[in-house]
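The values are calculated or read from the model by the stated rules, or taken from the named source; none is laboratory data. No experiment lies behind these values; they were computed from the predicted model shown. A quick note on method: Cβ atoms are made from the backbone with ideal geometry, for glycine too, and the neighbour counts reach across all protein chains shown.
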Amino acid sequence: MTQLTPEQLSTFFDSEEFCQTGHALIDVLGQYLQENLQGSGAVIAWQAPQAAIMNWQQPLPLQPTLTPASFISALQDKVLAANLHIHHPRNMGHQVAPPLPLAALCDLVAALSNQAMAVYETGPSATLIEKQVVQWMGALVGWSDATGFLTSGGAQANLTALLAARQSVAGWNVWQHGVSAGKPLCLFASEHAHYSVSRAAGIMGLGSDAVIKVAADSKGCMDVNALQTAWRQCQTQGQLPIAVVATAGCTPTGSIDPLLAIGHFCREKNLWFHVDGAHGASALLSPVLGQQLHGIALADSVVWDGHKLLYMPAAVSAVLFRVQKNSYAAFAQEASYLFQGNEDADEAYNMSYRTLECTKRMMGLKLWAAFSLYGVENLAALVEQVFSVASLLAQKLEAAPDFELLMQPQTNIVCFRHLPTARLSAEALNTHQARLRMKLVEDGAFHLTQVTLQGQYWLRTTIMNPLTCESDLDALLLALSV
Ligand SMILES: Cc1ncc(COP(=O)(O)O)c(C=O)c1O
């Protein structure tokens, strides 16, 4: 066995080298950020994965292959250059934030200080910061006494909320006795709900068929009459409905389900009301946009992604509960080496009692920093900006004869199709959209996505970058028209 000398140890843990390499790295990242924000290069230097993989097939290094200096060069050449440039104003594909640079610095703090956060003593300040931001976010939902925690992404947050719903509403201890100890459970979600909802049902042992897909109206919002019909059908089939998942900012079109009506329905039928606000909950920052989410305060649980419209580096999502005790229902499990205290007052500070993660990153710091450095009003302005650019894009598409707008955007997602002069079959029109999109991605000029709705392909833009401006929109329409 090797005995490390102090000199050898210092090659691993050297604060001076950390500072030196760190300063050089920050300079490189600063330049990367500036170039991206200016939109000076391509959005993506596209290379098919089968070709790009050749850059990442070196043998396992038994001895060092890089120095700190050549590591930074490799980062520039092999990593940053091949990235999807998220801060580029013409990056308008996915619902991923161009993160606030100062929030990104918080992730460095989180990584270096590595607070495990499973229980309070493994991350005292991290735990308290998280409680603070959860309380702030709960207050924005409209709850004075909310609880919850941060977790690694909206998919995991939805699973956590639905686990709590299952345990709270089923009427028996599902955690202990399993789903087969009672009536078959089901839940309702719009046909446009995120796939993580069906996945959660699969993971929970309900089966993904237990998610009853409720039809949406022409604006992409859940049809409450269809929800009522679906509920009656479940009753006659002997199923036990536990929850309705409403989406505030659904993934394909950004539409917001009618939260107030669904909330009242849930109260009347004793169903858990979950709002998947992974995308759209950030509208709550703005008094104007927040009106679209009227009724959200009726929810039993709300999911809100920081790495979408709160401009955080991925991944950080809040799962918020209106009633404190419900946050313990998701993982009704004991682990005596971690949780010695039985008093609620202590357990409230031991996060992993209620999260899928045991060890968890200090995720709250970046949110705390963003709220503190900018304030809600300035963060709201970012969201208002991207919503209004999305609405401008919709106006331009409506006015252009060679484009078809799917629907008026309710958030910052705009879906549309290009209509070439030649009349095409439905299938050829679909292929045309897919080709156009792939051409733009391969050219690196723009990044946009594609969505299929009722068998039709639509181009889909998500305006995430507040620096995206009218000239970028005009350039997009021009690039798609040629
Ligand atoms: C409405 C909605 N819910 C949940 C998710 C999953 O969130 P995450 O990617 O953070 O796991 C997404 C992702 O885009 C989403 O749009």
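Working only within the range 141-169, note down all residues that are surrounded by fewer than 19 Cβ atoms within 10 Å (Cβ to Cβ) and farther than 24 Å from I203 by Cβ.
Matches in the range 141-169: G142, S144, D145.
When K325 is evaluated against the numbered criteria (1) buried (at least 16 other Cβ atoms within 10 Å of the Cβ); (2) at pLDDT 70 or above, which criterion, by number, is the only one it fails?
(1)
Please give the number of the condition V174 fails out of (1) over 17 Å from V197 (Cβ atoms); (2) among the β-branched types (V, I, T); (3) under 22 Å from the mean Cα position of the chain (by Cα).
(3)
Within the range 354-472, which strands (runs of 3 or more DSSP E) (wholly inside it) include 1 or more residues that are more than 30 Å from A165 (Cα to Cα) and small (G, A, S)?
In the range 354-472, there are no strands (runs of 3 or more DSSP E) which contain 1 or more residues that are more than 30 Å from A165 (Cα to Cα) and small (G, A, S).
Tell me the residue from L310, L284 that is within 16 Å of the ligand (Cβ to nearest atom), in a helix (DSSP H, G or I), assigned by TED's automatic domain parsing to the domain that holds M137 and out of contact with any Asp or Glu (no Cβ under 6 Å at 6 or more places or on another chain), please.
Just a single option satisfies the conditions, and that option is L284.
Which is outside the structural domain of D472 (by TED's automatic domain parsing), touching a helix residue (DSSP H, G or I) at 6+ places or on another chain (Cβ under 6 Å) and over 23 Å from L467 (Cβ atoms), of T65, T21, T5? Explain how you work it out, then say what you get.
Values: T65 fails: touching a helix residue (DSSP H, G or I) at 6+ places or on another chain (Cβ under 6 Å); T5 fails: touching a helix residue (DSSP H, G or I) at 6+ places or on another chain (Cβ under 6 Å).
Only one candidate passes the filter, namely T21.
What is the one condition in (1) surrounded by fewer than 14 Cβ atoms within 10 Å (Cβ to Cβ); (2) over 27 Å from the mean Cα position of the chain (by Cα); (3) in a helix (DSSP H, G or I) that I72 does not satisfy?
Among (1) surrounded by fewer than 14 Cβ atoms within 10 Å (Cβ to Cβ); (2) over 27 Å from the mean Cα position of the chain (by Cα); (3) in a helix (DSSP H, G or I), the lone unmet condition for I72 is (1).
Looking only at residues in the range 237-265 that are surrounded by 24 or more Cβ atoms within 10 Å (Cβ to Cβ) and either free of Cβ contacts under 8 Å to residues at least 40 places away in the same chain or assigned to a strand (DSSP E or B) (or both), which one is farthest from the ligand (Cβ to nearest atom)?
Restricting to residues being surrounded by 24 or more Cβ atoms within 10 Å (Cβ to Cβ) and either free of Cβ contacts under 8 Å to residues at least 40 places away in the same chain or assigned to a strand (DSSP E or B) (or both), the top hit is I242.
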